[in-house]
Each structure stands twice: as structure tokens, then as C-alpha cells.
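What follows is a short report on a single structure.
The values are calculated or read from the model by the stated rules, or taken from the named source; none is laboratory data. Predicted model, so just to flag it, every value in this text is computed and none were measured. Please note: Cβ atoms are built from the backbone with ideal geometry, for glycine as well, and neighbour counts cover all protein chains shown. These area figures cover heavy atoms from the full protein model, side chains too; ligands, DNA and RNA do not enter into them. Shrake-Rupley method; radii C 1.70, N 1.55, O 1.52, S 1.80 Å.
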Amino acid sequence: MLVKRGDKMEKLLINAMDCLNVGVHIIDVTGKTIVYNHKMSELEAMNRSEVLDKNIHDVFQFQENEESTLLTALHTGEAVLNVKQQYFNNIGRKIMTVNNTYPIVEAGEVTAVMEIATDVTKIERLLRHQKEALKPSFHFDDIIGENSGLLDVIELAKRAARTTSNVLLIGETGTGKELFVQSIHDASNRSDKPLIAQNCAALPDTLMESILFGTTKGAFTGAEDRPGLFEQANGGTLLLDELNSLPSHLQAKLLRVLQEKKVRRIGGLQEISVDVRMIATINEDPFELIVQEKLRKDLYYRLAVVALMIPPLRERMDDLDLLVESFIHKYNDLLQMNVQSISPAAREHFRQHDWPGNVRELEHAIESAMNSMEYEQIIDEVHLPYYFRMKAPKLQKAMFTPFEQDSSKNLKEQLLDAERVILEKVLTDTQHHITLAAKQLGLSRQSLQYRMKRLGLQ
């Protein structure tokens, strides 16, 4: 039921309002909600039962010195048109709408107020993220963590940013090497010059050579006068990602450019002076790569003037909660959600995982979990990616409090005691979120509520 009055025509009109793609909210002269359509419920992330028959100020929070457009129209008796309003629902989620609000007048007196609202929250967030996407780079402040090993690397990187020396970043896939590269460039005196990046494993050798060093017209069929990456990055920074993927002859040619600070295009005779700071990354132990002849020793020593070894996530698990919180905040904005945290069960999965994909894998796990949620506020193990849930039996022993048998009770009483222990544990782990607890227990929401009532659990 959407309204208390039972007139058939009123119900028909209300049902028709549910078909609209705009929010409709009607209050009476006391400020209580009497109509609240489906779209309004969606854009404010509220259940109808939480709004109907309740005063506006008991449900929503408005910023200081701002009033609800509904109440403004009620008090003035005048329509409020095309007003952008920002406010918060009962769980603190920010809502942004453009409202057209009309007083309903009977016999010369305002008897109700109707508001038609369009949601602009998503548009505002997309515009904000578009602006953020135009930022030139990451900064050192964007690197999240308080682990002492990570902080040591950040401090060394900051010192290196003040010089023009070459830098070699060593770290497993997904540890955040690109954040360090952009942070070093941004903090250097070359920040207003280009930062050119190239993945050495992405292209075949012949094409990689022409891209790096440039070509001269006629050097080979179809060749044109084209500058290479060194010329394009002149005055700035050149990043070569996965450097060890370059074949040995290209590594030798690269070494010559670094030593002489001059580059010769393929097919060309002229040597072109370049002023480029080189940053290279590798995702394996450099000394093993040298032994395997995948990395030239002389090139390694030329690049490793500053060598930064970024610790993998498994060695900085004390940063796990900080990273989780950051990614939840990021995807709350991107996905328009209001997730608050993760459950103890989900956190235990994370702590026991070895994270071969490091921080990138953690971010993808959070994004995946949030995509499987609806209106829940806590990420639980049922939301985690499949490969985490496959490990659930191994963690099951830690899920429930041991139950001690009481021989003075009959079987039915002991089963009820065991059920109470299990329900209390799961409810505590999910912060008494009924939907999450029901999913974790494999019950319907109604079944869980029935069992809680039977056992006297609040």
C-alpha cells in the first residue's frame, strides 16, 4: 500500500505513478509523506516503509541553512522550479536531485505538496571522475600504505625525483610500479615535459626497434620520417615497462643511447641529441634474469643507478585494511553504492590468500564483490569472487564457536542451543545484517527471521 486512503481511483493513480521514470513525492500539510513512488524509492535508496507516514525531517538530513524544497513550497504556497538540491538519506548516502515542486491547493488553502524529482547524483559523479581522469599523473600521496618497507621505498623514490638519474623499478605484477613512475615524474623538474610509456612485451622486435629509435623515409618498404620514443620524450621521461622482454641486440642499442645521449633513426645517418630520463621496470629478480641471459649485465648497472624494489602485498599485509577501505571508497563512487566495510569472514579469506596478483588483484576482488551486491553495506564471503569461495571449507572451522554438549538437556533442547550459538555468531560477523546473514547460512530472509524470533534473538 502506498497511501492510507483506500479509494480505488487513488490506487490506480498511484500505480500509474510507479510507471514514471521520475521520482514523485507528496507530503500533507504536516510534512508527512503520503505518496512515494517506485522511482523516488530507487534514487533515494530507501524502502517505502521507511518514508511513508513519516515527517521529512525524521527521514532525511539537509545541509545547514538549506530547507527541503517540499517544505519550502508548503510554507510559501508557491511552486519551486528547477532547483538543484543535495541532501542525505537515513544511512548518510548523499542524494542530488533537480526538483520541480508544486503546492496542491483546495478551496484556497494548501492541502499537500507534490515534488517531481530527477536524479543527477550519477551525472555529478561521472563529471567528477571525468575531471579526475584528466589529472596528468599519480602523486606520491596516492600511494596507499603504512608498511615500513613500502615507506622506505617511497622515501627513496622522493629523493630520486630530485635528480636526473636513471631508475629501475623491480616488483611483481600488480604491485603498483606505474604509480611510482608517474609520482617520480610528477615530483621532478621534468613534470611539465612528456612522460612517454611503452610496454616492451607488447610489440614484435622489428616494430619495437622502429618505435624506440624512429625511422627514415626509404629505410624499408613503407618507412616514413618518424621520430622514435626517445625524440618524443626529449626533455621528459621515458618509461620502458617489462624491459627484460627486449631482445639482447635491442638492449645493446638502448645502452648505447643511454651512454652517448644520442639516437640514430633506422636508415638514418644523423645522430640526434636527446635529453631523456629513463625509468625501466621489470617483474622478476634482475640477477636471475642476468644469469638466464634475459637482461644484459651492463644495461642493468646503467639503469640501476637508483633501484627501487617494491614489496609484494603478501609482505605488507598490515596495509590490507587501508587498501580495502580505499578501494571500497573508490567503487562506491563509481558504482553508486554505499558499502561500509567487509565482514570478518571475508577479511579472513583475504588474510589467508597469497595474492599472486598483488594490489591489482585485491582491487579487482573488491570491484567484483561490489558488483555482486544489491543494497548490502558489508562485503561478505558470499560476494567474493569464485576462487575465494572455493576455499571456504578450509576456513569453515573458524566460522563457528564450538558448542559444548549439555547432557542434562534432551536432544531438541540441545539442537536449539546449537542453533542459537550459530545464529549469534553469524549475526555478529555480519553486524546483524539480516540479508547477509541469511545468505551465509543458506536460508531465506524470512526463514532466518522466524528462527531468530523462535530463539528470542533480537
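Against the criterion of being touching a Leu at 6+ places or on another chain (Cβ under 9 Å), surrounded by fewer than 21 Cβ atoms within 10 Å (Cβ to Cβ) and at pLDDT below 95, Gln340 does not qualify.
In segment 343-366, which residue that is open to solvent by 60 Å² or more (accessible area, probe 1.4 Å) and over 24 Å from His432 (Cβ atoms) is nearest to the chain's Cα centre (by Cα)?
Residues of segment 343-366 that are open to solvent by 60 Å² or more (accessible area, probe 1.4 Å), as a first pass: 344, 347-348, 351-352, 354, 356, 360, 364.
If we keep only those that are over 24 Å from His432 (Cβ atoms) as well, we get 352, 354, 356, 360, 364.
Values: Gln352: 22, Asp354: 21, Pro356: 19, Arg360: 11, His364: 8 Å.
Checked segment 343-366; the qualifying residue nearest to the chain's Cα centre (by Cα) is His364.
The strands (runs of 3 or more DSSP E) found wholly in segment 1-94 and carrying at least 2 residues that are within 24 Å of Glu106 (Cα to Cα), touching a helix residue (DSSP H, G or I) at 6+ places or on another chain (Cβ under 8 Å) and among the hydroxyl-bearing types (Ser, Thr, Tyr) occupy 33-36.
Of the residues making up segment 420-458, those that are part of a helix (DSSP H, G or I) and either open to solvent by 30 Å² or more (accessible area, probe 1.4 Å) or within 16 Å of Ile378 (Cα to Cα) (or both) number 25. Residue check: Ile196 meets all listed conditions (1) at pLDDT below 95; (2) part of a strand (DSSP E or B); (3) buried (at least 17 other Cβ atoms within 10 Å of the Cβ); (4) in contact with a Pro (Cβ under 9 Å, 6 or more places away or on another chain) but one, namely (4).
Look at (1) within 30 Å of the chain's Cα centre (by Cα); (2) buried (at least 17 other Cβ atoms within 10 Å of the Cβ) and you find that Gly228 fails only one, number (1).
Would you confirm, using the coordinates I've provided, whether Leu203 is over 22 Å from Val305 (Cβ atoms) and either of a type in the set (Gly, Ala, Ser) or open to solvent by less than 60 Å² (accessible area, probe 1.4 Å) (or both)? Give the derivation first.
Numbers: over 22 Å from Val305 (Cβ atoms): yes; either of a type in the set (Gly, Ala, Ser) or open to solvent by less than 60 Å² (accessible area, probe 1.4 Å) (or both): yes.
It is true that Leu203 is over 22 Å from Val305 (Cβ atoms) and either of a type in the set (Gly, Ala, Ser) or open to solvent by less than 60 Å² (accessible area, probe 1.4 Å) (or both).
When residues of segment 302-313 are filtered for being among the small types (Gly, Ala, Ser) and in a loop (DSSP other than H, G, I, E, B), how many remain? Even if it seems obvious, please write down each step before you answer.
Step one: filter segment 302-313 for residues among the small types (Gly, Ala, Ser), giving 304, 307.
From what is left, the residues that are in a loop (DSSP other than H, G, I, E, B) are 304.
Matching residues across segment 302-313 total 1.
Inside segment 49-95, residues that are out of contact with any Pro (no Cβ under 7 Å at 6 or more places or on another chain) and open to solvent by less than 20 Å² (accessible area, probe 1.4 Å) make up a count of 12.
From the residues in segment 199-212 that are in a helix (DSSP H, G or I) and touching a helix residue (DSSP H, G or I) at 6+ places or on another chain (Cβ under 8 Å), which one is farthest from Ala252 (Cα to Cα)?
Filtering segment 199-212 for residues in a helix (DSSP H, G or I) gives 205-212.
Those left that are additionally touching a helix residue (DSSP H, G or I) at 6+ places or on another chain (Cβ under 8 Å): 205, 208-209, 211-212.
Details: Asp205: 13, Met208: 14, Glu209: 12, Ile211: 16, Leu212: 13 Å.
Top of the filtered list is Ile211.
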